[in-house]
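Asks: Got a structure here, written out as structure tokens. Questions coming.
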Amino acid sequence: MGESTGRRPADRGPAEGRRVLMEDVAALAGVSAMTVSRVLNSPGKVRASTRARVLAAVRALDYRPNVAARVLVTGRSGVLGVVSFDTTLYGPASTVYGIERAAREHDYLISIVSLSALNRRSIGEAVDRLRGQAVDGIIIVAPHVSAAEGLRDLPPDLPIVVVGAAEELPFPLAAVDQHVGAVRATRHLLDMGHETVWHLSGPADWVDAGGRAAGWRAALAAGRCREPDSLVGDWSARSGYDLGRMIARDPSVTAVFAANDAMALGLLRALREAGRRIPQDVSVVGFDNVPESPYFSPPLTTVRQNFGEVGRHAFTLLMDRIGRPDAGGAHGRRVVGPELIVRESTAARRA
């Protein structure tokens with residue numbers, strides 16, 4: 001009811017140079033401006049055939065809804081903010097992509113603020129900038145331990161979800177269980193008869209690095225195995241190579257768990273250059289399951305993180321938070337279990 005104006009769709013759009021208005025879309029689709037508004041803001045309340053006609057007109061005219069007007073009508077802008085660390089590292093970058101994909105599936109736009117450092121000042125300024133854009137809510141990707149200080153300063157009544165934070169905060173949380181992933185990686189090597197497992201860890205200020213190191217230690221302790229000194233890298237293949245040259249000089253090393261696939265790649269090269277065969281002499285496990293990991297030499301056993309699921313959980317938590325603006329505090333914690341992918345870089349320890 002009330003969806004059609006009874007007139008034929010217009011044959012052409014607005015005059016060249018004039019901004020396209022909702023009325024222009026309505027004229028082209030042969031419906032009322034109110035119907036266009038319903039399609040854009042509450043599509044489930046409009047018949048599928050009418051909705052398709054309106055959306056075709058939107059595309060044909062390249063119509064861009066006025067965000068300020070939408071906020072006045074619906075109370076929401078249809079835009080979500082994402083605050084992230086400015087990095088090309090596979091994990092954080094894939095996390096942001098997972099969030100963006102989940103939002104896009106639900107017809108939300110994303111406004112991203114990338115920071116060179118996550119601290120009290122930078123996080124506060126990023127949140128203020130996004131609030132100035134009238135975003136409906138904000139997801140903060142916080143891979144650094146030091147980010148917790150800035151997160152604690154944010155008002156708990158603001159619709160915020162945190163991804164991968166280091167500690168309990170007054171906001172909902174979505175994360176991969178780094179501890180479980182590291183336990184599975186280490187346990188896999190111990191179950192193959194290796195007496196202990198060495199670890200190439202990530203930087204100390206990274207939440208993921210801490211969780212993986214803790215899981216490695218827990219698995220060794222559960223197996224009553226000696227804990228070697230942890231070797232700290234910086235996530236790069238170069239650091240894995242440099243640390244790998246040290247490891248290659250020790251003939252007692254038969255198994256290594258690298259905290260990410262890039263460091264595992266450097267380690268593999270260092271071991272080969274030293275004449276150590278993989279996996280006959282040394283077994284290697286990585287973490288992340290980057291797209292290239294099946295093509296390492298040999299193909300890398302690694303831990304897969306489901307960033308798409310993390311993104312969906314973060315989006316769902318934020319929608320719940322937006323829907324309950326008076327709830328306040330932390331409501332919901334979604335932790336995604338990782339998966340061990342076994343390939344040719346690991347084998348049973350030779351007697």
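The values are calculated or read from the model by the stated rules, or taken from the named source; none is laboratory data. These figures come from a predicted structure and were not determined experimentally. Note that we place each Cβ from the backbone using ideal geometry, even for glycine, and neighbour counts take in every protein chain shown. Only protein heavy atoms, including side chains, enter the accessible area calculation; ligands, DNA and RNA are left aside. Shrake-Rupley method; radii C 1.70, N 1.55, O 1.52, S 1.80 Å.
Asks: Could you please give the count of residues in the range 105-130 that are at pLDDT 85 or above and open to solvent by 60 Å² or more (accessible area, probe 1.4 Å)?
Replies: Qualifying residue count, the range 105-130: 7.
Asks: Say we look at the range 209-224 and pick out the residues that are out of contact with any Lys or Arg (no Cβ under 6 Å at 6 or more places or on another chain), without any contact (Cβ under 8 Å) to a residue 40 or more places away in the chain and small (Gly, Ala, Ser); which of these is nearest to GLY91 (Cα to Cα)?
Replies: Top of the filtered list is GLY211.
Asks: So, in the range 91-119, of the ones that are in contact (Cβ under 8 Å) with a residue 40 or more places away in the chain and among the acidic types (Asp, Glu), which residue ends up farthest from ALA314 (Cα to Cα)?
Replies: ASP107
Asks: If you don't mind, another one. Within the range 193-222, which residues are small (Gly, Ala, Ser), open to solvent by less than 30 Å² (accessible area, probe 1.4 Å) and not in a helix (DSSP H, G or I)?
Replies: The answer is SER201, GLY202.
Asks: If SER84 satisfies every condition in (1) outside any strand (DSSP E or B); (2) open to solvent by less than 20 Å² (accessible area, probe 1.4 Å); (3) within 25 Å of ALA209 (Cβ to Cβ) but one, which is the exception?
Replies: Only one criterion is unmet by SER84, namely (1).
Asks: So which residues in the range 131-149 are open to solvent by less than 50 Å² (accessible area, probe 1.4 Å) and among the small types (Gly, Ala, Ser), if there are any at all?
Replies: Scanning the range 131-149 gives ALA134, GLY137, ALA142, ALA147, ALA148.
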